[in-house]
Amino acid sequence: MMREKMPLLMRAKIFLPFDAVKGLRQALKIKEYEVEAVQKGTLDEEEAKVISANLSSLVGGEYCQARYFETGHYYFVEGETKLVYDEGYLLVGEKKILLKDLFGLRILRRQ
């Protein structure tokens, strides 16, 4: 007696990654993110001067790269900029960065 062949879709499921505990991978990623978190450092004087000079030369629409601190991590973002000085932030692309969290600013292209 010949056994029926298993449908291809069912056979493919056998080789899918096995996740014995639902949500384990996501929980591990969250924990890894938390473990890699660092304390916010202090801005050195030289970099503070560069940031200050670049901020004062912005007229709006420049394409910049910014380095900023948020939730225990440093990030980079690039995009067109808009300085909202009265409210204390710099908009780089869609990212709103508080000036106190800005750790680097490079103007890559002027309007």
For this session: Quick one: compute the contact order of segment 51-111, relative version, from alpha carbon pairs under 8 angstrom and 6+ residues apart, as a percent.
Result: 41 percent
Exercise. With springs only between Cα atoms under 10 Å, which of 59, 21, 35 fluctuates most in a Gaussian network model of the chain?
Worked result: 21
Exercise. Which length gain, in nm to one decimal place, applies between residue 109 and residue 86 when the Cα-Cα distance is subtracted from 0.36 nm times their residue separation?
Worked result: 5.8 nm
Exercise. Measuring from centroid to centroid over Cα atoms, what is the spacing of segment 55-110 and segment 29-48 in Å?
Worked result: 17 Å
Problem set entry | Accessible heavy-atom area order of 81, 42, 71, highest first, probe of 1.4 Å | 42, 71, 81
Exercise. How large is the convex hull of the Cα atoms of the chain per residue, expressed in Å³ as a whole number?
Worked result: 176 Å³
Exercise. Lysines within cross-link reach of residue 96: Cα-Cα under 23 Å, excluding same-chain residues under 8 positions apart?
Worked result: 40, 49, 82
Exercise. How much of residue 100 can a 1.4 Å solvent probe reach, expressed as accessible area in Å² and rounded to 10?
Worked result: 140 Å²
Exercise. Between the helical axis of 45-57 and the dominant principal axis of the chain, each derived from Cα atoms, what acute angle in degrees is found, rounded to the nearest 10?
Worked result: 80 degrees
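The values are calculated or read from the model by the stated rules, or taken from the named source; none is laboratory data. The structure displayed is predicted, hence computed values, not measured ones. Remember, those area values only see protein heavy atoms, side chains included, never the ligands or the DNA or RNA. Shrake-Rupley method; radii C 1.70, N 1.55, O 1.52, S 1.80 Å.
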